[in-house]
Every structure is written in C-alpha cells, then in structure tokens.
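Some notes on the structure that comes next.
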Amino acid sequence: MFRNQYDTDVTTWSPAGRLFQVEYAMEAVKQGSAAIGLRSRTHIVLGCVNKANSELSSHQKKIFKVDDHIGVAIAGLTADGRVLSRYMRNECINYSFTYESPLPVGRLVVQLADKAQVCTQRSWKRPYGVGLLVAGLDESGAHLYYNCPSGNYFEYQAFSIGSRSQAAKTYLERRFENFTDACGMIWSRMLLWQ
Amino acid sequence: MFRNQYDTDVTTWSPAGRLFQVEYAMEAVKQGSAAIGLRSRTHIVLGCVNKANSELSSHQKKIFKVDDHIGVAIAGLTADGRVLSRYMRNECINYSFTYESPLPVGRLVVQLADKAQVCTQRSWKRPYGVGLLVAGLDESGAHLYYNCPSGNYFEYQAFSIGSRSQAAKTYLERRFENFTDACGMIWSRMLLWQ
Amino acid sequence: MFRNQYDTDVTTWSPAGRLFQVEYAMEAVKQGSAAIGLRSRTHIVLGCVNKANSELSSHQKKIFKVDDHIGVAIAGLTADGRVLSRYMRNECINYSFTYESPLPVGRLVVQLADKAQVCTQRSWKRPYGVGLLVAGLDESGAHLYYNCPSGNYFEYQAFSIGSRSQAAKTYLERRFENFTDACGMIWSRMLLWQ
Amino acid sequence: MFRNQYDTDVTTWSPAGRLFQVEYAMEAVKQGSAAIGLRSRTHIVLGCVNKANSELSSHQKKIFKVDDHIGVAIAGLTADGRVLSRYMRNECINYSFTYESPLPVGRLVVQLADKAQVCTQRSWKRPYGVGLLVAGLDESGAHLYYNCPSGNYFEYQAFSIGSRSQAAKTYLERRFENFTDACGMIWSRMLLWQ
Amino acid sequence: MFRNQYDTDVTTWSPAGRLFQVEYAMEAVKQGSAAIGLRSRTHIVLGCVNKANSELSSHQKKIFKVDDHIGVAIAGLTADGRVLSRYMRNECINYSFTYESPLPVGRLVVQLADKAQVCTQRSWKRPYGVGLLVAGLDESGAHLYYNCPSGNYFEYQAFSIGSRSQAAKTYLERRFENFTDACGMIWSRMLLWQ
Amino acid sequence: MFRNQYDTDVTTWSPAGRLFQVEYAMEAVKQGSAAIGLRSRTHIVLGCVNKANSELSSHQKKIFKVDDHIGVAIAGLTADGRVLSRYMRNECINYSFTYESPLPVGRLVVQLADKAQVCTQRSWKRPYGVGLLVAGLDESGAHLYYNCPSGNYFEYQAFSIGSRSQAAKTYLERRFENFTDACGMIWSRMLLWQ
Amino acid sequence: MFRNQYDTDVTTWSPAGRLFQVEYAMEAVKQGSAAIGLRSRTHIVLGCVNKANSELSSHQKKIFKVDDHIGVAIAGLTADGRVLSRYMRNECINYSFTYESPLPVGRLVVQLADKAQVCTQRSWKRPYGVGLLVAGLDESGAHLYYNCPSGNYFEYQAFSIGSRSQAAKTYLERRFENFTDACGMIWSRMLLWQ
C-alpha cells in the first residue's frame, strides 16, 4: 500500500526522503548478469559472465573498449550501457583531440556520473538501468570505478556487480591481499567463475 | 494487481528493476508472423512467412533491401519496421556518399539499436514494436544480427523470430552443422516451412 | 476490466503486445460508409456509398483527385481523410515540379504510411481515423493500395473498406476473374451496390 | 460506466472507433441558439435567433461579414465563432491582396475545416465548440456550407443549426421547392420564426 | 457524481456540450464585489463597491484608466483584471503611436475578448477569473461593453456585474428611461448603493 | 470529499469560482513568522520576528534592502521571498540606469504583482508562497504595500502579516492615531512584540 | 489519508500552506551520513562521517574543494551534491576571471540557494536531495553556511547535518565557547566522532 504513491515518478520524493525509481533502476543492475573488476598497481582486469542465448548466437558484448587506456564492463540493460559507452568514447576522442593527451579516468567518471544524475531529475526521462565498472590507466596509475544509476561513483580495488555478485565480493575481500600482480589476478578470476 | 502500477509508462521502473513496456513491445514481436535468417561464410538467407489478407491482395512486404550489401526481415508492427528500414537506407546512402565505401553492417546495427534505445527513455514515445533480422556482407564477411525493441542486438549464425519461432530455432540448432553452403541453407529452408 | 489500463494512450503497449488505440482507430474505418476499389491492367475504378444528410444537402465528397494519375477513396473520419489527401496533393506537386515527371504511386503510398506511423508513436497525437484506397497509374502500370491507420499499406487487385465491406469483399473474391476489362468492372460495381 | 474512460481526452479513441470529445463539441452547437441559411441561384440569406440578455443590452452579434462576398452565421460558443471568423477575414484579405480576386468560397471552407481538424488531433487543445454556416458568392455561383467542429463541411441548399433546428430543417425540406427567388426565401424565413 | 469527470480541465467538453471550467471562472466574477456601468449618449459612468480590508488600508483599485477615452471596472480576481487592463493600455498606446488617433473602443474590446478566448483552449492555462466593464468614447459615440471570461462580449446601455448585481440590474431596467443625462445617471447611482 | 477534486492544480477553478491552490499559498504566508510595517508621512518602519534555529546560528534574513529608497519584509517561504527581492533589485537598477531617477514604489509593486499573477495561470508552476511588505519613499511620499501570492497588492498605513498577525493588526488599528512621528512608531513597535 | 493528495507533486500546495515534496527532500538530508562544520574567526573546519562500502573500496568523496577559499561538505544524495559543487566551481572561476578577485562566500551561497529554489517551482523537476555546509574565507572573514533543499540558507558558527546530527548539535552548543582557536576545534572534532 505504502509504496504505491511515491514510486512511479522519478521526480517524486517519498516521505522518508527516498527516490524509489532510482532504487528500482539499481535493482535492474542487480538482476543483470555479473561483472567483475580487479586492480593491481599496474594492471586492471575486467570480466563478466556471458551466456549465449542459443548455440547459434555469438556472445552479447558486455565489455567495451572506450579508449586505448579505458574500458568498461556493464551489468543491467545492455542497450543503456552501450549508449553510455559510446558517450564515453566521444568524450575521450574530443579530449585527446583538444589537449593531445588521454582523458584522465577520474574526469571521465565524473562526467558519466553527471549524465546519470540528470536522468534522475527530469520527469520525462528515466534513470539509466545499468551499472558500469570503468577501468583505466592514466598518469596517476590504475583505477577501477563503479558508476551506478543514481549518479554516484565509487573507487574500488576490486568489485563485482550484477546477479549473485555478493559471493564474488565476499571471495574478493578474503583473497585480495594474495593478488599481488596481474597474473595472480587473472589466475584468481579463472577460479572464481568455475 | 501487481502489474497495474508499473507497466503503463515506458519511463517507469518496476520494483524488481524491469521496464514492462519494453517487455510488452517485445511481446509484439512474438505475435508477428515468423521470420528466419541463416548465414554461411559467404551467403546469408532471409525468409519469412507471408499470408495474404485475401485472394486479391498481394503479399505484404516484410523483407526490405537496405543497400546492395544489406537486407532486413521483420516481425511485429510492419509500419515500425518500414520506418526503421528507411532510416537504415538513409544511413547507408549518406555513408557511401561520404566515404565512397559501403557502410559496415555492424556499424549500422549499432546505430539502429541506439535509435531503438532512445524510444525506451522518453515518456512521450513508445518502444518500437518490431524485431529486425539484419543480414549483410562486408569486408569482415557475412553477418546476421537481430535487433530487438529494447535497443539490444545479437549476432547469430541462424535465428528465427515471430510467432512459433521456437520450433524453427530448435530445428536450426539441431541441423545447422549440415548446412555447409548456401544451397544447403536454401534447401533446408524449403523443408522448414512446409 | 482488462482493457481499462492499456487502451487510453496511444504510446502504451498492452501485455499481449498490442496497441489498442491503433486498433480502435481502425474500428473507426470499419464504422465509416463503404468504399470500394477494383483494378484491371489498365484501369482502376473507385466507388463509395454516399448518403446525403438531408434532401437539401449535396453529397459529402469522399473521393478525391490527388493528381492527374492518382485518386483516393476514403472510409472513416472525413476530416482526417481530407487533410491526408491535401498532403498527397502537395507531395505530387512538389515531385513533378522538381523531377518533371509524375510521382510514382508506390512512393506516395509509402510517404502516406510513414505520416500515419508517426501518429502512432507520439503521446500528444492520435492515430488518423481514416482508411484510404489509393488508386494510381504510373510507368509500372495500374495500382490499388489500401493505407490503414496503423501505418501499414497493402496492394490489392480489388478491395473494399468501411461498414458492411465484408459482403463486398466476398463478392469480389468470387467474381473477380470475370472482370477482364474496365467495362466489366464498372458494370459489376453497379450490381454490387444495388 | 462505459463512457468514463474514453471521453475526457480529445486524442483518445473509444473501442467503437469514436472520438467522444468531438461529439461533445458538436453537442455544444446543438445547444446554441438557432441559425439558418437558404440559397437560391443568385442570393443567399442567413438568419439567426437573437435574444438579448436584458432590456438594456444590445443583441450579441452572431452573423459576421467576412468579405464583400462571404458571410457567416454561427451557433454554439460565440467566442470560438468570432475567432474563426477573424481567421477567415485574414485569409480573404491576404488572398485578394496576392491574387487581386476574391477568395473562392469553397477554398475558404476547406481551410476553415482544416483548422478545425487540427484541434481534434492535439492533446493540449480542444475542438472548437461552434458550427458555422458559411454563405458566399463567387464565379461558380452562390454557395451555402456548414462547417462543424469535427473538421467536416457539407454543402446545402438550405440548412439550420442550433437548438430546435430540427423543426426548421423539416419545414425547409417540405417547402424549399416553393422558394424560387430571394424574395420568397426571405418571406418564408419571416414565417418560420414566428 | 456527474460533474467529477468533465470539470477539472479547461479543454474537456462535457457530454452536454459545456465547458465547466469556463463556467466556474464566470462564477468567480459573480463572487467578486459588484461593479456597475451606465451610459448616456455623451457620458459613461463606472462605479464599484469597495470595502477596505481594514481601517488602515487604502481601497483596492478596481477602476482603471486605460487611455484618455477608455476606462474599465472589474469584478472577480483583481490580479487578472490588472493584467488585462495593462494589456489594454499597451494596445491603446501602440495604436495611437501608429495611427495618431485613439483606438476605437469596439476594436479594443474584440482584442480583449480574443485574448480571453485563447485561455479557454489551451490545457496549460486557465480562463481569466475576471469580468470587465469597458467604457469608452470614440467617434461613434459612447460605449459600454461587458467582457466575460468565456471570451464573449456584450454591449449594454447599463449593466452590473459581481455579487448581488441582480438587484442592481433589476433597478436599472426599471429606471433607466429616467436617466436622460449624465447628472441623472450619477444621481441615480448614489441612490442605488445606499 | 468536495475539496479533493479542484485543489491540486493551480489552473483548475472550483465550481464556486475559487482557485484553491492560490488560497493554500496564502495559507503559507499565514504560517510564516510575523512581519509588520508602519508608515508616517515621512518615515516607514519594517519589523519582523526572528527566531534563530539554534544558539550558534545567525538570524535568517527576512528584511531585504531593495534600493536606497525601498525595502521589503517577508513572511512565508524565505526562498521565494529572496528570489522576488532579487527581482525587485534588478528592476530598480535597470530603471535608475535608464531614467537616472529612482523607480517609483507603486510601479515596482505593480511589476511584482504581475510576476506573481503569472504563477497563478501556468499549470507547470506554483504560486509564490510568500507575502511581502514593500516600504518605499519616492516623490509622492512614503508608501507601504502588501503584495500577496494571488497577485494582488494593497496599500496600508500599517499592516502585519504572518502567524499571529491578527493581534498585531488589532493593536495597530486601535493605537495608530497615536503614532504621529517615526519615533512613536518605533517605540510602539517595541511594546508590541514584548 | 490526508497526505495522499498533496504530496506527490512539487508544485502543489497543501491546504495548510506546506510543500510536502520539499519537506521530503529535506528528509533525504536527514537520512544521509552526518557532516559537521565549525568556525573560528580565522579558520573553518568541515568534517563528515565516511563509511566505505566494502574493505576494497575507497571512501566516497563527500567534502569538495570549490575554490582556494571555499569548500563544501554534503549530506544526502551524493550525486546531487556533486552536481551542485561543480556549479559552484564554475561560478568561482567565472567570477575570478572577470573581476580578478575571489568570489565572496555570501554571494555564492545566494546563487546556490536561488538554483535550489527554481527546482521547487517547476513541475518537471524535483528539489535537490542534498544539504550543503559551505565554508569559506573572504575579506569579511570566515563564514559557515548551510544551504538546504528548500532554497533557504543560514549562517552558523557551528552546525551539523545528516543522520544523528542532533547529538552533534547539542554537543556543539554546550562546548562551543571552549573552542577559541582552530586547534581546539580540530581537537574537539576528534573527540566528537569517537
């Protein structure tokens, strides 16, 4: 009963100060197939679960190259994720054309988050239904960010999103100190999904 | 009861993180008469079921030529499909005029998917009610894509959409390894629809 | 009960993948007074039932000349039909002014269908409530098309729309092979409506 | 019960293919005070019932001169009628300025009908609540048209609109053959309203 | 019950062909404090009831000078009336600047009525909640008009609007023939409100 | 029951000719902390009740200087009041820049009222929730106006708005004749709020 | 029951003169993790509670540098806060570019509050769900402001917002007189959060 009134419009606050539509969009991320990211000092690894729809189909692309130094893995609505990664690609191209240097990862992540925030404050739009793990290397080192539909972003050493990501998160927290280099990370990832 | 609240507006998320209007539009594809696509290394075949409305009517066109190297077969709302194939035609013409080479199939498919995604994020529009099997030949070989109303696309070796497409899909998965060349494919298709 | 929720807005899909508002607009065509079209290789005949509102009124115009080689007969909302036929007239004039040749019938029919499709995908509009039998002669011969409110079009040898058109359709299907020339067609039509 | 759902928005079709809001606007014409028009070969007479609101008020103007050769009588919302007749006046002035000849009556009537049709297909407007009897003389003779809120128009020899217009219509149909010249028409009209 | 459905939106017709929102706006005029206007051949007198809100407040201005030859008295929403009288002032200034002669009263009244009509045909506006008695002198003599929220206007010799205006109207109708000159009019008005 | 239907949209008239949303906005003024204004021939005093939110906060500014000769005291939504006083400041600056003389108080008050009126006639806005006591000195002497959310304004010798302003109004009406000069006014005010 | 009607749209007043949506947005601030600000004559300290989402994540940034002399701490929706702090950064840059001096803190705070007010008066937006403690040093000394979603701002010597901020406020009010210099402030803060 209580929910009926405040959770159909993205611009409506609930009496408890929550935006239900934004929370529902984050639920879409949880329902998507899992994605994972790990970061050492010099390398970042992105991975995701990909089940083909049928024997004759190729896998749906869920990891996108944004620029030479940036890549994303998505969980949730693939179409939303593709549109956002195209946006990121354009930003990278424009930046490197103007400044002749690669776009810093943190800056791109903020622009992406601002784009997501706009969709939570206009009545004729909806929040994006996709979470993005943005991995990148720039002058300040290797970075792994998680951009969520609410317009927030977080920096992680290792993170997992999507369905059944909790198990992966727990595994990562227990074992992460063992992953000292990229090889260990990749090896570990192999184990994780078996 | 549960459905009533979240499934009338395309920009409203359900508490479980689903966009019901997008799912309903995909239901429209399932209700359309079937279309099928098969791909060998060098050839692609598109087919569709066409029942004339009456003895005196011609068949409704459901396979469109987009460019010399690209064609589509549709299932669902024919009007939406025709509008989208016209859009594809324009993109092909503009590309070949500018670059003097045919538009790569994959690129066209992404543009088409982005166009569909926009319709899932504006409150005054509705998702397209049509699925498209896009077949094309370019420098990277023969391709068969399926573009669905949600803004997703998938690459297939063989796929079928529309009503009773499940039987076709099962048939294709069992027999596909036998289709080694275009002739086999066409012959097989003859059997399939009898 | 079921219908209440999904059939008041043209941009709302029903759970079964139908657009009820578009179907209701097609119902308006069925309620209109009947129109009929027949085609031989060289001639096309359009006819319609016209009851004057009173003894002192003239008949309401329901067959419009679009260009020297194209005409339409309508069933449904006359005002919508008149607006659409004016649109067709403009297209013909612009085409012949630019290319110094008459607009091919098939091309005009597609433009008309695209115009109708737009009205099924904007929340602030409504689908046109009129069906049009478009008859035309061009280099590829004589054509008879039916444009319906959903944005679809079909090519026919003979077709009838509007109220009690089913009887006409049945009659046409049984007798059509007898109509070998224009005279036969016209003669037949006389019988049909008596 | 049935009406509740489909009759509050002008862009909503009922399941039976009707636009209730347009029909309601036509009801407004029926509620207005009566207007009448008669046409001979060379003359047209417009008349209307005018009750002053009080002894001290002048009559509300319900017959408007549009141009030297065109006039209108209205029934329904006077304000809507006045706005439409101003529109007609502008069209006449622009036409005669451009072509140095009076605007043909039939052409004006079509433009007026198109303007009314637009109001039946935009969700933020409402159909005009006025019926207009347009009387005019041009090279093709004397004409009497009735423009109704749905965007339709009809040509009549004699017609009456507004409240209790049915009696007038019946009278006109029985006696019209007696009215051979303008005098007879005017004389007859005198009788009619007594 | 019946009213609930059709009387909350200004662009919704009731099944009986009425626009309830316009009628409600006219009710606002009836609730306002009374205003009165009388006209002889050469003079016009406007008056209104003005109760100060408190002993320390000045009277609220309800009679506005529009131009040297035009004035208005209002009943209803004072803010709406003030905005409309400012509009009239601008029209008068523009006219006399362009044509170097005062704006005829009748012409101004029509413009005012057209402005009010627009507010009855846009879903995002509301009808003005004010009635205006427009008094003016021009080459055709003295005029007294009443502009109401529906976009109608009426010419009167004497009229009264606002709360308890019925008594004033009755009084005026019985005594008006006695008022042969301006003095008589003013004298009479004194009596009326005592 | 009765209120439910007509009081949620600012552009909806109630059957009794009232705009409930405007009345509710005026209620917001009544809930605000009190403000008071007094006027002698040469001086004006504005005062208001200011309770700090905590011991460590400064008082919230509720009296604004608009220009050298104009000031306002507000009651209701402080944010709305601040936005309006900024608007007034701009108008004063523009006027004195253009005409090299201070903006007359009455003129500013009218502009302010017009700005408030607009918010009562657009469906996508809301009436301002603030009442303003505008005090100013110009060539015509000292003025004290009250601008309310409905777009009305009133001139007063002394007035009080906000919560428990009724007591202040009663006090002022009884004692005002004693306040012959500015000192008396200020002294009196001291008493009033103790 | 009572709340249902007036609290889903930001432009709807309740009968008691309240804007519930604005109040709900302020509730979002209360639910956010706490932030605190203290001010001496020469220094300001901002602090906030930051719990990392997991062991592998970095802390979410909740204190932003706006310019060399201004910083903010936020509580509530982080995305909204980030967007607003970016706005502030732009304003500072533009000001110092134009005037070659730092933007006064009070002026920035007013601009920020005006931006928040706009979101409370447009039906297609929502109030920002974030409270900002703005700390800054300019020629008039050290300042600490609190900007809340309603568009109000307050100046404080010490303030705390977010969940369980009441305890902090009580502590601050009791101990503030002991904090005579920056060191004391920082030391005190250490105690506060342990």
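The values are calculated or read from the model by the stated rules, or taken from the named source; none is laboratory data. All of these numbers come straight from a predicted model, not from anything done at the bench. Neighbour counts are summed over all protein chains in view; Cβ atoms, including those assigned to glycine, are modelled from backbone coordinates with ideal geometry. Only protein heavy atoms, including side chains, enter the accessible area calculation; ligands, DNA and RNA are left aside. Shrake-Rupley method; radii C 1.70, N 1.55, O 1.52, S 1.80 Å.
Can you find a residue that is among the small types (Gly, Ala, Ser) and farther than 29 Å from D:ARG107 by Cβ anywhere in segment C:40-56?
First, pick out the residues of segment C:40-56 that are among the small types (Gly, Ala, Ser): C:40, C:47, C:52, C:54.
Now narrow it down to the ones that are farther than 29 Å from D:ARG107 by Cβ: C:40.
Scanning segment C:40-56 turns up at least one residue that is among the small types (Gly, Ala, Ser) and farther than 29 Å from D:ARG107 by Cβ.
Here E:ALA79 does not fit the description of being within 22 Å of E:GLU155 (Cα to Cα), surrounded by 19 or more Cβ atoms within 10 Å (Cβ to Cβ), facing another protein chain (nearest Cβ under 7 Å) and not aromatic (Phe, Trp, Tyr). With respect to the conditions (1) assigned to a helix (DSSP H, G or I); (2) open to solvent by less than 40 Å² (accessible area, probe 1.4 Å); (3) modelled with pLDDT under 95, A:MET88 lacks only one, and its number is (3). Of all residues in segment C:126-141, exactly one satisfies the criterion of being among the hydroxyl-bearing types (Ser, Thr, Tyr) and within 14 Å of chain D (Cβ to nearest Cβ), namely C:TYR128. Evaluated against (1) among the hydrophobic types (A, V, I, L, M, F, W, C); (2) farther than 25 Å from B:VAL118 by Cα; (3) more than 14 Å from every other protein chain (Cβ to nearest Cβ), A:LEU108 falls short on exactly one condition, (2). Scanning segment E:51-61 for residues that are in contact with a helix residue (DSSP H, G or I) (Cβ under 7 Å, 6 or more places away or on another chain) and either open to solvent by 60 Å² or more (accessible area, probe 1.4 Å) or of a type in the set (S, T, N, Q) (or both) turns up E:SER54, E:GLU55, E:GLN60.
Could you please let me know if C:SER160 is open to solvent by less than 30 Å² (accessible area, probe 1.4 Å) and not aliphatic (A, V, I, L, M)? Please lay out each step first, then the result.
Values: open to solvent by less than 30 Å² (accessible area, probe 1.4 Å): yes; not aliphatic (A, V, I, L, M): yes.
Yes; evaluated as a whole, the condition is true for this residue.
So, in segment B:96-106, how many residues would count as being touching a residue at least 12 places away in the same chain (Cβ under 8 Å) and surrounded by fewer than 21 Cβ atoms within 10 Å (Cβ to Cβ)? Step through it out loud before you land on a result.
First, the residues of segment B:96-106 that are touching a residue at least 12 places away in the same chain (Cβ under 8 Å): B:96, B:102-106.
Narrowing further to those that are surrounded by fewer than 21 Cβ atoms within 10 Å (Cβ to Cβ): B:96, B:102, B:104, B:106.
Selection size over segment B:96-106: 4.
Looking across segment E:115-125 at every residue that is assigned to a loop (DSSP other than H, G, I, E, B) and within 8 Å of chain D (Cβ to nearest Cβ), the one that is nearest to the chain's Cα centre (by Cα) is identified as E:THR120. In summary, G:GLY151 fulfils each of the numbered conditions (1) within 14 Å of chain A (Cβ to nearest Cβ); (2) closer than 30 Å to F:VAL118 by Cβ; (3) touching a helix residue (DSSP H, G or I) at 6+ places or on another chain (Cβ under 6 Å) with the single exception of condition (1). Is there a residue being closer than 30 Å to D:TYR146 by Cβ and in contact with a strand residue (DSSP E or B) (Cβ under 9 Å, 6 or more places away or on another chain) anywhere in segment C:100-113? Among the residues of segment C:100-113, at least one is closer than 30 Å to D:TYR146 by Cβ and in contact with a strand residue (DSSP E or B) (Cβ under 9 Å, 6 or more places away or on another chain), which makes the answer yes. Of all residues in segment D:59-76, those being in contact with a Ser or Thr (Cβ under 8 Å, 6 or more places away or on another chain) and more than 14 Å from chain E (Cβ to nearest Cβ) number 3. Among the residues of segment A:111-166, those identified as closer than 25 Å to G:TRP124 by Cα and of a type in the set (Val, Ile, Thr) are A:VAL118, A:THR120, A:VAL130. Scan segment B:110-123 and give yes if some residue there is within 14 Å of B:VAL66 (Cβ to Cβ), buried (at least 16 other Cβ atoms within 10 Å of the Cβ) and touching a residue at least 40 places away in the same chain (Cβ under 8 Å), otherwise no. Checking segment B:110-123: at least one residue is within 14 Å of B:VAL66 (Cβ to Cβ), buried (at least 16 other Cβ atoms within 10 Å of the Cβ) and touching a residue at least 40 places away in the same chain (Cβ under 8 Å). G:SER165 meets all of the listed conditions (1) out of contact with any strand residue (DSSP E or B) (no Cβ under 9 Å at 6 or more places or on another chain); (2) at pLDDT below 90; (3) closer than 28 Å to G:TYR87 by Cα but one, namely (1). Pairs linking a residue in segment E:46-58 that is more than 12 Å from chain F (Cβ to nearest Cβ) and assigned to a loop (DSSP other than H, G, I, E, B) to a residue that is open to solvent by less than 50 Å² (accessible area, probe 1.4 Å) and modelled with pLDDT of 80 or more, with Cβ atoms under 6 Å and 6 or more positions apart or on different chains, are E:VAL49/E:SER33; E:VAL49/E:ALA34. Residues in segment G:24-50 that are surrounded by fewer than 22 Cβ atoms within 10 Å (Cβ to Cβ), of a type outside the set (A, V, I, L, M) and modelled with pLDDT of 85 or more: 4 in all. Counting the residues of segment A:7-23 that are crowded, with 19+ Cβ neighbours inside 10 Å, free of Cβ contacts under 8 Å to residues at least 24 places away in the same chain and either more than 10 Å from chain G (Cβ to nearest Cβ) or hydrophobic (A, V, I, L, M, F, W, C) (or both) gives 3.
Among the residues of segment A:62-76, which ones are open to solvent by 60 Å² or more (accessible area, probe 1.4 Å) and either closer than 17 Å to A:SER163 by Cα or in a helix (DSSP H, G or I) (or both)?
First pass over segment A:62-76, keeping only residues open to solvent by 60 Å² or more (accessible area, probe 1.4 Å): A:63, A:65, A:68.
The answer is A:ILE63, and nothing else.
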